[in-house]
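S.K.: One structure, pasted below without further comment.
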Amino acid sequence: MVDTQPLQIPRPPSVLAVQGLSLKLTDRTLLKGIELRSFEPGITLVMGANGAGKSLFLRSLHGLLPIEGQVSFAGRPLSETLAEQAMVFQKPTLLRRTVWQNMTFAAPSGSTDAEIENLLRQVHLAEKALEPARLLSGGEQQRLALARALLTRPRILLLDEPTASLDPGSVSIIEKLIRAASDAGVKVIFVSHDIGQARRLASEVLFMHEGRVVEHTPADRFFSAPDSIEARAYLSGELLIKPQTTGSPEQ
């Protein structure tokens, strides 16, 4: 009798792999040995209470912090993917130039005026192309920041609460562009406190608590039956209060 072995179908490399990611600044350990593998090509929502480490985690994925451990995208180390990343921060940083000049400054080689005009139309800023960017409203500035990021044709788009405190119109425009980018194959990793927004956008959820990822699950399961005590408390509106300890505080 032939001793057969099951057919082994190789699994594709994970879209995002994090191994032993830790961050210590001075005497505070802020991210604590994060381990995860995500095969989800769509929109990953990073959620958690204030101080959970969400923004630090996102900045780590963008190479902005002196982390320990390893990060890779689609089997490639972080250092090889930085040129293919774009990040939009909660508070946009714009040049002291016009809207148009902010776009042309970020434009990669080969970009055309038509591409810039198209993106400005999508964020409803075409009529303000010659206005100073820093005189725009908060929602308009964030829409410009997202348009500028998308102009670089990123393969990975990192968003740190880009719609926090914005008007509903700006939120709608930004969410539409994020969905379109994801549908076009851009990997989106999005930090948000807004549960309604997470329900609208997320393919999967990473839930963080005290510098760790305590839950990583498809979005539908996360919102219907979260596994962790912390996630259940967060979704029910309970306060996640960190117990008092002696020694140095940790974020």
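S.K.: Please specify each residue of region 35-59 satisfying the condition of being more than 11 Å from the chain's Cα centre (by Cα), at negative phi and among the small types (Gly, Ala, Ser).
M.R.: SER38, GLY42, ALA49, ALA52
S.K.: Answer yes if at least one residue in region 127-137 is touching a helix residue (DSSP H, G or I) at 6+ places or on another chain (Cβ under 8 Å), touching a residue at least 40 places away in the same chain (Cβ under 8 Å) and within 21 Å of THR44 (Cα to Cα), and no otherwise.
M.R.: no
S.K.: Do you know which residues across region 142-167 are over 22 Å from SER203 (Cα atoms) and not β-branched (Val, Ile, Thr)?
M.R.: The answer is GLN142, ARG143, LEU144, ALA145, ALA147, ARG148, LEU151, SER165, LEU166, ASP167.
S.K.: Need a quick list: helices (runs of 4 or more DSSP H) entirely within region 4-120 having at least 1 residues that are surrounded by 20 or more Cβ atoms within 10 Å (Cβ to Cβ) and at pLDDT below 95.
M.R.: The helices (runs of 4 or more DSSP H) meeting that bar number zero.
S.K.: To continue, here is another question. Within region 151-186, work out how many residues are out of contact with any strand residue (DSSP E or B) (no Cβ under 7 Å at 6 or more places or on another chain) and closer than 27 Å to ARG76 by Cβ.
M.R.: Counting residues in region 151-186 that are out of contact with any strand residue (DSSP E or B) (no Cβ under 7 Å at 6 or more places or on another chain) and closer than 27 Å to ARG76 by Cβ gives 8.
S.K.: Scan region 186-229 for residues that are in contact with a Leu (Cβ under 8 Å, 6 or more places away or on another chain), free of Cβ contacts under 8 Å to residues at least 40 places away in the same chain, assigned to a loop (DSSP other than H, G, I, E, B) and over 16 Å from LEU158 (Cβ atoms) and report the count.
M.R.: Counting residues in region 186-229 that are in contact with a Leu (Cβ under 8 Å, 6 or more places away or on another chain), free of Cβ contacts under 8 Å to residues at least 40 places away in the same chain, assigned to a loop (DSSP other than H, G, I, E, B) and over 16 Å from LEU158 (Cβ atoms) gives 1.
S.K.: Ok, one more. Taking the conditions exactly as written (at pLDDT 95 or above, assigned to a helix (DSSP H, G or I) and under 16 Å from the mean Cα position of the chain (by Cα)), does ALA147 satisfy them or not?
M.R.: Judged against the criteria, ALA147 is a match.
The values are calculated or read from the model by the stated rules, or taken from the named source; none is laboratory data. A quick note: this is a predicted structure, and the numbers were derived from the prediction, not measured. Counting neighbours? That spans all protein chains shown, and the Cβs are built from the backbone with ideal geometry, glycine included.
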